[in-house]
Amino acid sequence: MSTAVDATHHDAHHDHKPSGIGRWLFTTNHKDIGTLYLWFSLIMFFVGGAMAMVIRAELFQPGLQLVEPHFFNQMTTVHGLVMIFGAVMPAFVGLANWMIPMMIGAPDMALPRMNNWSFWILPFAFCILLGSLFSAGGGPAFGWTAYAPLSTQYGGDSTAYFVFSVHIMGISSIMGAINVIVTVLNMRAPGMTLMKMPMFVWTWLITAFLLIAVMPVLAGAVTMLLTDTYFGTSFFDAAGGGDPVMYQHIFWFFGHPEVYIMILPSFGIVSAIIPAFARKKLFGYSSMVYATAAIALLSFLVWAHHMFTTGMPVFAELFFMYCTMIIAVPTGVKIFNWVATMWRGSLTFETPMLFALAFVILFTIGGFSGLMLAITPADFQYHDTYFVVAHFHYVLVTGAVFSIMAAAYYWLPKWSGYMYDTTLSKVHFWLSVISVNILFFPMHFAGLAGMPRRIPDYATQFADVNQITSIGGFAFGLSQLVFLWVVIKCAQKKGEKADSKPWEGAEGFEWSVPSPAPYHTFEKPPKVE
Amino acid sequence: MSEQHQNNSILVKRLLLTVAGMFAFGFALVPLYDVFCEVTGFNGRTSNEAATYEMVEIDESRTIRVQFLTRNAKGIPWKFESSVKEVRIHPGETKVVNFLAANPTQSDMVAQAIPSVAPAEASLYLNKVECFCFNQQPLTAGANTKMPMQFYVDPDIPDHITTFTLSYTLYDVTAQSSQSFKDEQKETE
């Protein structure tokens, strides 16, 4: 494509782009909505990160120094909720909005108006949640899991704020998921069969099905919390014939598929990036698809591994233990496929690839600690200790968040039209990957030695390990400011102009359109080979 | 394009139905869980209805230790304990154990005891002929009472269960029950 054509292309579409704040409020353009989601997610990442800094500052030394225990509990709770529902999930929805229509050769998402709604209700959800921190009695302090009776009897009015914000987040996710499914199933360019779709599209399709299956269950569970608290029902109140353990069953029936919702799109991102920088086709494409589907199906059969210590019969514990361990098989298929993709490839180590490689290695560490936790008798030792905290931060920070960073670096040139600052990005990568391990690796030892999670104070024997962890935490938090700097530089159009295809080995329709991607793409579907 | 729209709206409708179905499923889990617990003895619940004692053969070759545990939920200052900590019983044999409750406060109160059996498997074989936990227990200020519990252990109880614990947690339900008393009064008026 010549530059002259590019220029006219650009001008032709310039008229269609509304200006001012109205463009963002009323937009139905998948790229605009994707951008909104990604900025929102980045802001929430820093909000949740700031709470993590409060937590780490308090835990820097044993004893109570900076905050009240009740406020500490609010921080752990809201940090979890903000990071899950505000940072990781919206980031994936943003990536889906930006990339899925371009990857399948569609002009936009299938339901653009609903797309606008699904984004714009999110800020309200988080205003309610974050606003509750300033209300009398404070925000939710019962952990992101909101176990009854802690949430129903001791939560005060924060339970209501929590429930309503979760309802809105759930509606937003469900609308986003419906949009993805309809787009992928109905809007593919002619000739784009399901088994020709990029892995990112596949993983998102499966994630979207998980979302519509479990987000309504969460909505039901928190509604029961609400009626137990305010309307005299006894779903989880033993005195009235209910059962608090049942809350945990319903919650984790949602909760376990939820953790795969937060990792399957990562698998898709890494499956796009590794082949691009290994300059080889993805090894075992169809096995990747089947492995993703297998993980999604198995995720419905493992929820009670979060509850081994609730006094289940041995048979149930064995069932959930084995089902959990079976998930290691399809996950292993994926890890080995990525390694095989790199095998004898012509590897280069641009920043997206660095993050993708860190993802493969560190996510695997998180997966292994997950296997350790799956062993029922061992779990009685690890349960509710920092070992669990180490495990889920390895899979969520060095897993999900690193893959989002990788995706951001990989597609930033396409989004902004400018190459990111490569030096700064490498500084960001190395600072992050070193500090994140100083932050989370020692937590394994603290947990194995018996340090409980969700406490503002601890026995003095854990002082050293917590100090190291906190130093890693501050370093990791500050390192993310470098990322913010890189993104802002790109958004301000500083730096080198990017080609339509800045990565030599990249594949997919998104690289056939100019950078930045024009406001409207693929109004005529591309030709699929 | 119109065909596309039609396809989209059909799919959207199906997906919305799925969402509604899953929301309903979340609530359906409540009765499903109850049935599951009742059938499997999961979670150590016992039946809320009196079992009728059928003349079964008493298996004198075995003795089961049944231990009793009482505790108060938050906010109920009653004295609540079993007259004995433990009984030894042959499967098939009935026994009565008394539980003592006293209301030391200045006000009339109503309490509800919630039973739980550990290990949960044993709950399937515990049959209560009579239990104070079947009803709410009112006690006037300063009063005390003896509450009987009659039970037998099903002779089918597996051999590996030699001991089990029956625990009662006492909850204050004064507020709820006075509300229902008021409702009843309104109805009679």
Q. Once the convex hull of the C-alpha atoms of segment A:336-488 is built, how many Å³ does it hold per residue, rounded to a whole number?
A. 123
Q) In what sequence, largest accessible area first, do A:Asp384, A:Asp379, B:Asp108 appear using a 1.4 Å probe? A) B:Asp108, A:Asp384, A:Asp379
Q) So what's the net charge close to A:Gly495: Lys and Arg +1, Asp and Glu -1, counting the other residues with Cβ under 11 Å from its Cβ? A) +2
**Q.** Student exercise, segment B:42-173 dipole from Lys, Arg, Asp, Glu Cβ charges, in Debye to nearest 20
**A.** 640
Q) Which of the chymotrypsin sites (Phe, Trp or Tyr not before Pro) found in segment A:112-191 are loop residues per DSSP with 15 or fewer other Cβ atoms within 10 Å of their Cβ? A) A:Tyr154
Q. What dipole magnitude, in Debye to the nearest 20, does segment A:3-512 give about its Cα centre under +1 on Lys/Arg Cβ and -1 on Asp/Glu Cβ?
A. 1280
Q.
Counting only other residues whose beta carbon sits under 11 Å from that of B:Ala51, what net charge do I get with K and R as +1, D and E as -1?
A. -3
Q: Let me know the whole percent of all Cα-Cα pairs from segment B:29-68 that are separated by more than 16 Å.
A: 61
Q) Largest first, what is the accessible-area ranking of A:His249, B:His90 with a 1.4 Å probe? A) B:His90, A:His249
(Q) Can you give me the Rg/Rh ratio for segment A:247-341, using Cα atoms for both radii and the Kirkwood formula for Rh? (A) 1.08
Q: List the relative contact order of segment A:83-180 as a percent without decimals, with contacts defined as Cα pairs under 8 Å and 6+ residues apart.
A: 36
Q: Give the shape of segment A:38-168 as rounded, prolate or oblate, defined through the alpha-carbon gyration tensor: a ≥ b ≥ c are the square roots of its eigenvalues, a/c under 1.5 means rounded, and otherwise the shape is prolate if a/b is larger than b/c and oblate if not.
A: prolate
Q: Would you calculate the separation in nanometres between label points at A:Lys497 and A:Phe368, each defined as 7 Å from the Cα along the Cα-to-beta-carbon direction?
A: 4.8
Q: Extending each Cα 7 Å along its Cβ direction at B:Lys85 and B:Ser107, get the distance between those two points in nm, one decimal.
A: 3.5
Q | Neighbourhood charge, 15 Å Cβ-Cβ cut-off, centred on A:Ala378 and excluding it, Lys, Arg +1 and Asp, Glu -1 | A | -3
Q: Mind checking which of A:Ala463, A:Met169, A:Phe251 is farthest towards the positive end of chain A's charge dipole, using Cβ charges of +1 (Lys, Arg) and -1 (Asp, Glu) about the Cα centre?
A: A:Met169
(Q) If I fit a long axis through the Cα atoms of helix A:199-230 and take the longest principal axis of the Cα atoms of chain A, what angle between them do I get, 0 to 90°, rounded to 10? (A) 30
Q | Gyration tensor verdict on the protein assembly as shown (Cα atoms; rounded if a/c is under 1.5, prolate if a/b is larger than b/c, oblate otherwise) | A | prolate
Q | Given charges at Cβ of Lys, Arg, Asp, Glu: the protein assembly as shown dipole, positive-most of A:Asn73, A:Ser158, A:Gly366 | A | A:Gly366
(Q) Between 0 and 90 degrees, rounded to the nearest ten: what's the tilt of helix A:89-104 against the longest Cα principal axis of chain A? (A) 30
Q: Return one number: the angle in degrees, 0 to 90 and rounded to the nearest 10, between the long axis of the Cα atoms of helix B:2-40 and the longest principal axis of the Cα atoms of chain B.
A: 10
**Q.** Amide H contacts of B:Thr165 (H built 1.01 Å from N, under 5 Å, at least 5 apart or other chain)
**A.** B:Gln67, B:Ala118
Q: On a C-alpha basis, how far is the centre of segment A:443-498 from the centre of segment A:44-114 in Å? Whole number, if you could?
A: 14
Q) Farthest toward the dipole's positive end in segment A:375-529, which of A:Gln480, A:Tyr409, A:His520, given Cβ charges of +1 (Lys, Arg) and -1 (Asp, Glu) about the Cα centre? A) A:His520
Q | For chain A, calculated [θ]222 nm from helices alone, where every DSSP H run of n ≥ 4 adds -39500 (n - 2.57) | A | -22000 deg cm²/dmol
Q. Taking the Cβ-Cβ separation of B:Thr40 and A:Glu507 as r and a Förster radius of 56 Å, what is the calculated FRET efficiency to the nearest 0.05?
A. 0.60
Q | Probe 1.4 Å, all protein chains present, accessible-area order of A:His167, A:His428, largest first | A | A:His167, A:His428
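The values are calculated or read from the model by the stated rules, or taken from the named source; none is laboratory data. Quick caveat, the model's predicted, so the values are computed rather than measured. A quick note on method: Cβ atoms are made from the backbone with ideal geometry, for glycine too, and the neighbour counts reach across all protein chains shown. Side chains included, ligands, DNA and RNA excluded: accessible areas come from the protein's heavy atoms. Shrake-Rupley method; radii C 1.70, N 1.55, O 1.52, S 1.80 Å.
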